[in-house]
Structure formats: structure tokens, C-alpha cells
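These notes concern the structure reproduced below.
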Amino acid sequence: MISGLDTFISACYILVMVGIGFWVGVAHRKGATKGSLSAGYFLAGQSLRWPMIGLALFATNISCIHLVSLAQSGFDTGLLNGNFEWMAAFTLILLALFFVPFYIKSGVPTLPVFMEQRYNSACRDWLTVISLVSAVVLHIAFSLLAGGIVIEALFGVDMYISVSAISVLVALYTIIGGLRAVVVTESVQTIVLVAGALVITVAAWMKLGGWGALVDTLQTTGDMDKLSMLRPKGDSSGMAWYAIFLGYPVLGIWYWCADQTIVQRVLGAKDENHARIGALFCGFIKILPVFIFVLPGLFAYALAQNGQLDLSSITSTAANGKADVNSKGIYTLMITQLLPTGLVGVVVAALLSGLMSQVSGALNSIATLVSYDLIKRHRPHISDSRLIGYGRWSAAVALVLSIGLLPLLNRYESLFVGLNDIIAHIAPPITCIFLLGVFWKRASAVAAKWTLWIGSLLGVMVYATGKLFPGSLIGQVPFMMMAFYLFCACVLLQVMLSAWYPAVHNAVSGTLYWKSPWEPLRRPAWKGLGNYKLLSALLLMTMAILYVFFN
């Protein structure tokens, strides 16, 4: 339980964020013309500049899952899961260089609309369904679960009551204010989130005695491999170096380049260069999580080994008589044991930032998908006010469904691994049709449709088999490698079907693929440090240096 002062700080933060969301949404709505009302609500009037885009992309990606589960993974396996953060930089470069130009040029409000323009309406329908499911399960439900676990431990409030109350408050300003309210609050929440994470990182660092003390402890316990980002073949984690480099791009391209909840911030950009630089800016920010989310968990492990962190409250006795540490609670333990009164409230505010930003971003994306891909498509003459009304109701329903999923998702031992395990079985067919659609002229609509359908069915069957029969051959394959295998199957399927059913392009689809890989690099760019090609090269070099150092 935390003090009254910390509770007061946390409550004030929630009220301030809700107030900012209301104020921005109402102000932006008053400034919108009647004809631009829906565009202003769902895409912020396409007025977003690069700093806000980058911060909003980061905030939508980072949630309570990252603060809670990356600390858990740092405690359990060291820096390994930091690969999910650093590898994102490479896929954000792909987004900025190769995908953004098409998205901005086509002026689409959602990615399923882009799929219809490149392929056909069947692809649009299926991607809409997948996008809605992923927003409810991956972006909202997992975030609520992680936030609820921490809130229950800190405040003693039932998890379902706390997340329901916070969800209602977030939903109010999201549903009323639209994307503009979401992006502005996300920008503020990103700053608070990073500040809170830095506080607990510094506290753990000082308690342990710095980097040298960490290395000494790991050498003593024989755990120096915890400092390595890339692991050898046969590593017990199932994430050897080749699994990272083969499997992550499949997950990352879907998540960063083809998922509506993430890419919607880019679709609201003022122009192509703002969209590109915003994505690259987020790539640079993604360097931070390894140091402020994962590393504190590793510090906690070292502190526990030295007897400086009491694990008794999260330790139980297993059936075999051995001590079993429930590492899900390690972040909460660090908050209560390492921070003084007052700073606890700041870190809790950071946790709430992650929860609120993730939920608000996903709700706005759900509203946009339902309004444009399900309602306006079949009722093209519907008024803007009624279209927004449908979007608001769909967001409310999605929130209720997400809360209902919490008991099921709580069965995962590690929420972060559970999240990526699900993504690994959803992403392959979508990554396949987006990549081939953008880079290969001969990718046909019929082939894309069947690849989506068969690939998704295959993903569900493999996932179910792995969970029902964990001892089977399929159940023994690490999820990162399974993502790669499923992706290869989808590519083979789409290539074969495209040969059997050749592509027939119309005036629109004929402009939505690159004639050569160099074509997108010839598009207009800002001069100086704002040049997207220069920033891409700088980000690539930075990541290469970091990987060399932490190998």
C-alpha cells in the first residue's frame, strides 16, 4: 500500500490528463468546419507535425505491459527481450522510407482502405476484422491487465474495479475529443512515462552501486549472459540470435507498418516529410526502453542476489518444496522498496500514462475502423455527426469486451511473452501481403485474398495446437521461429497464386507499388539534419554500435 500523498499525486495526474483531453478535443472541434468534422475527429485534420507523431507513436506502443513485463523479463532473462525495442528501430526505418509515401499519397483514412486500393475489397474486409481484434486484445486488454495487477498491489483496489474506472475516464476524452485529443495527451504522457521510468532506474542504480556492482554480482552468480542481447543457438529462452533476426521482422513490420492503431498517427501527418521524420524520431526514442524498462529488472535481480531487495511478498513454495518467485510483481516491489514517499506517486503516474495512452490510442483506431470500413463504406452519404456517433459507440463496446478478456489473458506467466506469442501467429499473412504488395508488381488481388484467409487459418491452427499439445513438434518451436516459418509459407503461397492468377492493375493500384527499391529515396526531403535519408543512416549506425557493444 502507498501513502496518502502518493495517492493524491496519482489522482491529480489522472484528472489533469482527462482535463487536457477534454479541452483539446472541444477546442479542435470548435475550429473544424462542417465538412472536415469527421476528418478532424478521426485523423486530427491531418495537421500533426513530426515531434507529436514520434511521441504519439512511442506512447501508443508503450504501455503498462512494457513497464511491468519488461522489468519482469529483465529480472528473469536479462536484456534479451530488449530486442523487441531495438529491432523496432529497423522496422520504423522501413515505415518511414517505403510505406509512408504510399499512405500519405493515397490519402486513406485507414489501412484496410489502402488494401482495397492495392488489392480488393475482400482484403479490406479481412484486414478490418484482424485490426479490430488486435486492437481489443493486444492494445487494450493486455494493457488493462498489466495496469490492474500493479494498481491492485499498490492501492489494494480490486483489479476489475480500478481498470474499469480508469477506462471510463480515458474513454470519455477519447470518444469526445478524437485523434487530436489522443495525440496531445499521448505526447504529455510520453514525457511523464519516461520521467517515471528514469526515477526508478536511477533509484535501482544507486541502491546497487552502479554498473560495476551489477557486473560483479552477475559474475559471482554465473549470470553474465544476462547482459547479452544476442544469445547462442540452444539458449533456454528459445530466442537465439537467428530467431531474433528472422522472426522479429515478421512481427515488427505488421506492428509498425501495417497495424491501424500504430499507423493512424502517421495518417494524421501534415505532409509526407512530417510523417517520415516522426517515424524516425520514434525510432531514436525506442533506444531508451532497454535502459529504463529492461535494465531496472536486471538491477532488481542483482539487488535480490545481494540481499538488498526483499522478495518474500512475491515468493511462494512450489509443490517440489522449492521457492517460486512470481516475477510479475517485481516492478511493484521496486516501487515500494526503492522509492521514498512522493516519488512513488510520480512512478505510479508514469504507469498510468502507459495505460491511458495505449487504451486511448486503440479506442480511437477502433472508432476509425468501424466508421470508415464498416459504416461509411456501405452508407457513403451518412452525415459526419452520425458517423462520429457510430465510432463512439464502437469504442465503448470494445472497451467492455477488453475488460471481459482479462481473466483469460492473466493465465500467461509473462504478459510480454504472451503478447508477442499471439502477434507471432497473427502477423505473418499481413506482413506478407503488405511487403509483396509494395515491392512486387505481380502480387495479385486474388493471391492476396487467399493468402490472408489461409495464412490466418494456419496461424490459428498452429497456435491452438501449440497450446493444447505443448509436447508436440509444433508446440516445441519457439514463437519467433514459428512466425518466420508461417511467413515463409505465406510468401510461397502468394507467389504461387500470383503466378496462377496474374495481377490486373487499375489506375489506382498501378501507382501503389515501387518500381525499384531506390524510387522512394528520390522523393523530396528537407535539407540538413531533417533529411529523412540522413536520419535513417544515423539511426542504422546507432543501432549497429549498440548491438556490437551489448553482444
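The values are calculated or read from the model by the stated rules, or taken from the named source; none is laboratory data. Computed from a predicted structure; not experimentally measured. With ideal geometry, Cβ positions are generated from the backbone for all residues, glycine too; neighbour counts draw on all protein chains shown. Each accessible area value is taken on the protein alone, full model and side chains, heavy atoms only, with ligands, DNA and RNA left out. Shrake-Rupley method; radii C 1.70, N 1.55, O 1.52, S 1.80 Å.
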| As computed over the chain, the Cα convex hull volume per residue (Å³) | 149
| Can you run phi through the Karplus equation (6.51, -1.76, 1.60; θ = phi - 60°) for segment 223-237 and list ³J(HN,Hα) in whole Hz, with x for Gly and Pro? | 10, 5, 5, 5, 8, 8, 7, 10, 9, x, 4, x, 4, 4, 6
| How high is the relative contact order of segment 127-284, in percent, with contacts defined as C-alpha pairs under 8 Å that are six or more residues apart? | 13
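With runs of 4+ DSSP H residues as the only contributors, calculate the mean residue ellipticity of the chain at 222 nm using -39,500 (n - 2.57) per run, divided by the residue total and rounded to the nearest 500.
Using -39500 (n - 2.57) per qualifying helix, the result is -22500 deg cm²/dmol.
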| task | Starting from the amide H of Arg231, placed 1.01 Å from N in the peptide plane, find each other amide H under 5 Å away whose residue is 5 or more places distant or on another chain. | result | Trp241
| What shape does segment 72-155 have by the C-alpha gyration tensor, where a ≥ b ≥ c are the square roots of the eigenvalues, rounded means a/c under 1.5, and otherwise prolate means a/b greater than b/c and oblate the rest? | oblate
| field | Cβ-based charge dipole, the chain, positive-most Cα from Gln260, Gly471, Trp440 | value | Trp440
| said: Output needed: percent of Cα pairs per 5 Å distance bin for segment 126-283, bins running from 0 to the one holding the longest distance. | reply: 1, 6, 9, 13, 15, 17, 16, 12, 7, 3, 1, 0
| task | Return a whole-number percent for the relative contact order of the chain, with Cα pairs under 8 Å and 6 or more residues apart as the contact set. | result | 29
| Accessible area in square angstrom per residue, segment 265-335, 1.4 angstrom probe | 33
| said: Using alpha carbons only, how many angstrom separate the centre of segment 41-115 from the centre of segment 116-154? | reply: 14
| query | By a straight-distance test (C-alpha under 23 Å), which lysines pair with Lys533 as possible cross-link partners, with residues fewer than eight away in the same chain excluded? | reply | Lys105, Lys270, Lys286, Lys515
| remark: One finds the C-alpha centres of segment 487-551 and segment 317-357 to be spaced, in Å, by 40
| query | Trp526 accessible area, nearest 10 Å², 1.4 Å probe? | reply | 80
| Tensor-based shape of segment 347-454 (alpha-carbon gyration tensor, a/c under 1.5 rounded, otherwise prolate or oblate) | oblate
| message | Could you give each residue of segment 274-280 its phi-based ³J(HN,Hα) in whole Hz, using Karplus coefficients 6.51, -1.76, 1.60 with θ = phi - 60°, and x for Gly or Pro? | response | 4, 5, 5, 5, x, 5, 5
| field | Estimated vicinal HN-Hα couplings, Hz - segment 533-538 in sequence order (Karplus 6.51, -1.76, 1.60; Gly, Pro = x) | value | 6, 5, 5, 5, 5, 5
| remark: Once Lys and Arg are counted +1 and Asp and Glu -1 for all other residues with Cβ under 13 Å from that of Trp526, the total becomes +4
| note | To the nearest 20 debye, the chain has a Cα-centred charge dipole, built from +1 on Lys and Arg Cβ and -1 on Asp and Glu Cβ, of 2000
| Going by a 4.7 Å Cβ-Cβ cut-off, which cysteines of the chain have no partner at all? | Cys12, Cys64, Cys123, Cys257, Cys282, Cys488
| request: Quote the accessible area belonging to Glu413 in square angstrom, nearest 10, computed with a 1.4 Å probe and with ligands, DNA and RNA left uncounted. | output: 150
| message | Given the options Leu5, Thr220, Thr336, identify the residue whose Cα lies farthest towards the positive end of the charge dipole of the chain (+1 on Cβ of Lys, Arg; -1 on Cβ of Asp, Glu). | response | Leu5
| note | Taking Lys and Arg as +1 and Asp and Glu as -1, residues besides Leu280 with C-beta under 11 Å from its C-beta add up to +3
| field | Selection from Gly354, Ala323, Ile366, by position along the positive dipole direction of segment 312-428 (Cβ) | value | Ile366
| By the scheme Lys and Arg +1, Asp and Glu -1, what is the net charge of all other residues having a beta-carbon under 14 Å from that of Ser313? | -2
| request: Take peptides 242-252, 497-507 and line them up by average Cβ neighbours within 10 Å, highest first, as a rough protection proxy. | output: 242-252, 497-507
| request: Would you tell me the accessible area of Ile403, worked out with a 1.4 angstrom probe on the heavy atoms of the protein chains, in Å² to the nearest 10? | output: 40
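If you rank Ser167, Ser316, Ser3 by how much accessible surface each has, with a 1.4 Å probe, what is the order from largest down?
Ser316, Ser3, Ser167
Which order do Lys322, Lys533 take when ranked by solvent-accessible area (1.4 Å probe, heavy atoms of all protein chains), largest first?
Lys322, Lys533
Compute the Cα gyration tensor for segment 418-503, then decide on rounded, prolate or oblate, letting a ≥ b ≥ c be the square roots of its eigenvalues: rounded whenever a/c is under 1.5, prolate when a/b is larger than b/c in the other cases, and oblate in all that remain.
prolate
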